[in-house]
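The values are calculated or read from the model by the stated rules, or taken from the named source; none is laboratory data. It should be emphasised that the depicted structure is a prediction, and the values quoted were computed from it without experimental measurement. Heads up, the Cβs are rebuilt from the backbone with ideal geometry, glycines too, and the neighbour counts pull from every protein chain shown. The protein model used for the area step is the full one, side chains on, heavy atoms only, and it has no ligands, DNA or RNA in it. Shrake-Rupley method; radii C 1.70, N 1.55, O 1.52, S 1.80 Å.
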Amino acid sequence: MKQEDIEHIINEIQKGNELRREQLIQYYQPYILSVVGKVCNKFKTWNDDEASIALIAFNRAIDTYDPQKGRTFLNYVYLIIHRELVDFFRKENHYQNVMKKGDKLLEANHVKESVKQYHQDQRISSIAAEIIDLDDQLSQFYIRFEELEAHSPKQKRTRKKVLNIAEEFIQRDTLVEQLFNRKQFPMKEFLKVANYRVKTIEKYRKYIIAIIIILLHPEWKNLQTFLRNKVRGEKK
Amino acid sequence: MKQKIKGVVMEVQENQVVLMCDDGTFRNVPHDQHDIPAIGEYVTYRVKKSPLLLGNRKQVLPLVALAAILLFAIMNVSLFQPQQPAYLLAVDINPSMELSLDEDLHVIEITGLNEDANRVIKDLDVKGQGIDKVINEIVVRLKNDNYLSADTPAIITATWIELQDHSISNNSRSVEEIFNHSLGENHVEAEMEVYVESEDYYKKAKEVDLSVNSYRMYQEMSNDEVEVDIKDVQNKSVKELRQIAKKASERKNAERANSSSSPEKEEAAKNTKEETENSSSKHNSSTSVPKKEDEKQSEKEKNGEENKQNAEQAPSKEEKHNSDKKRTNEKSRPEKSNSPSNDQKKQKKMEKPPSNEKPEKANPKPEKQEQRDPEIPKKAEEKAADKGKSEEKSTKEIPKDQGKGNDSNKREE
């Protein structure tokens with residue numbers, strides 16, 4: 001989802017499209033939970049009070065988000081959730097726990113620091129946006145991030161090989177179309193045009209799908225750099 | 001060893017975070033419980049490298065499988081060893097059978113050596129059961145098939161063979177006890193003979209294709225200078241062998257008595273017999289609890305049976321020297337059988353044999369008896385006692401026989 005898309009959707013929601021609101025909340029659920037965990041310094045599930053508070057905060061963030069103020073949506077969401085949770089901790093006498101975080105924020109008051117902090121925040125939230133998007137795409141293929149470790153190539157040579165497979169794959173529009181229509185890897189068709197062993201592809205199938213999706217979204221600059229890093233690393 | 005993992009947090013889970021590393025691969029890393037990163041952060045983790053537990057499952061599985069196979073192989077070796085028989089128990093009643101036992105005296109296998117035995121042990125599930133149960137089961141079956149009964153005492157010969165180098169324990173003793181126990185429970189009477197033999201003896205017996213017990217009979221017979229063809233022995237049961245042996249020895253005795261054969265020769269024969277008996281370390285005992293009276297009785301029973309057999313053989317024998325006496329003996333029997341109680345009848349029967357043999361034996365072989373004594377103390381003592389009586393009376397005719405019967409009756413009373 002590009003920045004414009006988000007602004008557009010939020011605009012719609014603010015005008016009263018409840019269905020869109022539901023979809024947006026659904027879409028950002030993993031992010032909300034991860035922010036809760038980050039702020040609480042402890043992993044929280046949807047059963048915890050903090051998660052509910054964060055959800056309410058997120059809902060309010062949708063209503064109050066104003067793109068004109070120069071923040072990305074995710075950054076804004078993080079801010080709101082953080083504030084709400086700190087309020088909650090204060091009420092619940094968890095104040096001391098949170099003070100450390102507050103101190104950190106205060107320390108960053110210097111101009112240079114704050115600019116750096118700002119950039120870092122921007123970067124994090126943009127990566128987060130990309131990741132959430134990728135997660136959303138992969139869920140169509142029933143692939144979860146945690147599975148990808150087992151399907152990742154371990155050796156440099158195989159890594160390169162797998163990347164080559166993916167790059168070869170995205171050059172053929174029909175194959176890409178088939179991939180997204182069928183939601184599964186068009187093995188037969190791909191083998192007709194490329195000379196690879198079924199076993200290799202089958203072993204890394206999920207990983208290949210993941211990097212194909214990343215390669216197909218040039219707007220995900222941060223994630224792209226990871227893959228390009230790899231290519232560069234090999235060239236060295 | 002520690003390994004640095006750098007990457008962007010893709011997903012946060014309860015126990016781990018999914019990182020996308022710089023090289024574009026994904027890693028699942030357990031996270032610090034008190035510092036949860038947010039999605040999109042760039043983090044560095046130090047992870048202990050323990051390839052077995054943290055590595056993926058594909059590496060662990062073959063190792064586990066290998067370990068399991070090894071374990072199985074080791075277990076197999078140790079499991080199959082006790083399956084080898086440690087002891088062998090050869091039992092001859094008329095059905096002769098062999099029980100192979102493991103070290104804990106559980107039955108591994110039971111094999112019948114003749115058709116009677118096969119019929120008895122057919123559909124008898126013995127594997128893994130204790131020896132006492134199995135023996136009891138066999139005794140019950142034998143009783144049902146009329147091999148054993150209350151009024152005709154049978155002779156049970158059991159040989160205990162140590163197949164491996166086990167220190168000879170009291171097993172032979174306990175076998176006897178087990179038999180006695182189950183015999184008593186089933187109200188069956190039988191004479192027990194238990195021998196202990198080495199594996200070599202068993203092998204020798206197997207070489208000539210005989211059961212251990214018939215092999216012993218065969219040996220004794222051949223030592224008695226009875227001419228037996230081993231092929232004849234092979235076809236006969238222990239019971240039949242016993243009869244043959246009896247017959248043969250009687251015939252010889254009779255010959256000796258008649259021809260007043262030289263005592264030296266007889267002594268030599270006796271000595272050889274002793275040797276065989278020594279080699280087979282004979283335990284002889286009665287079925288019932290070893291009270292003195294009971295022992296005597298069973299002894300008598302045995303004698304009685306021998307006598308009976310003799311009597312049966314008598315007409316067919318047609319030997320001139322003996323025939324007279326035997327006929328008189330047979331005549332005398334019905335008179336005695338009139339006596340009221342069953343017990344008494346038995347006793348009388350038992351008393352007969354000495355009358356039959358001993359008068360003839362008595363005179364030429366006083367020394368013989370003494371020589372035998374050490375080996376078979378109880379039996380010998382009693383026999384000696386009997387003989388003593390018979391000698392006192394020193395008559396070869398029936399009246400003496402009756403007198404003895406009366407004597408024993410008095411004693412019993």
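Put B:10, A:187 in order of accessible area, highest first, and with a 1.4 Å probe you get A:187, B:10.
The modelled label-to-label distance between residue B:15 and residue A:112, using points 7 Å beyond Cα along the C-beta direction, is 4.5 nm. Output the relative contact order of chain A, whole-number percent, from Cα pairs under 8 angstrom with separation of 6+ residues. Relative contact order here is 16 percent.
I need the calculated FRET efficiency for the pair residue A:202 and residue A:63, taking r as the beta carbon distance and R₀ as 41 Å, to the nearest 0.05. Working from the Cβ atoms, E equals 0.30. Once every DSSP H run of n ≥ 4 in chain A is given -39500 (n - 2.57) and the sum is divided by its residues, what mean residue ellipticity at 222 nm do you get, rounded to the nearest 500 deg cm²/dmol? Computed ellipticity for chain A at 222 nm equals -25000 deg cm²/dmol. Just checking the listed ones, A:22, A:84, A:50: in the Gaussian network model of chain A with Cα springs under 10 Å, the one fluctuating most is A:22. Please name which of A:79, A:89, A:53 has its Cα lying farthest along the dipole of region A:3-140 towards the positive end, using unit charges on Cβ (Lys, Arg +1; Asp, Glu -1) and the Cα centre as origin. Sorting the options by dipole projection puts first A:89. Past 27 Å, Cα to Cα: identify those pairs from A:116/A:156; A:38/A:116; A:38/A:221; A:154/B:48; B:122/B:143, in the order given. Checking Cα-Cα distances, A:116/A:156 exceed 27 Å.
If you plug the beta carbon distance of residue B:185 and residue B:66 into 1/(1 + (r/R0)^6) with R0 = 41 Å, you get a FRET efficiency near 0.15. Summing +1 for each Lys or Arg and -1 for each Asp or Glu among the other residues whose beta-carbon sits under 12 angstrom from that of residue B:182 gives -2.
Find out how many positive minus negative residues lie around residue B:11, taking Lys and Arg as positive, Asp and Glu as negative, among other residues whose Cβ is under 10 Å from that of residue B:11. After counting each charged neighbour, the total is -1. Need the per-residue list for region A:195-231: every residue with at least 50 Å² less accessible surface in the complex of protein chains than in the chain by itself, probe 1.4 Å, sorted by number. At a threshold of 50 Å² (probe 1.4 Å), the residues of region A:195-231 that become less exposed are A:226. Remark: for residue pairs A:203/B:4; A:160/A:203; A:160/A:199; A:44/B:6, the C-alpha separation exceeds 18 Å in A:203/B:4; A:44/B:6.
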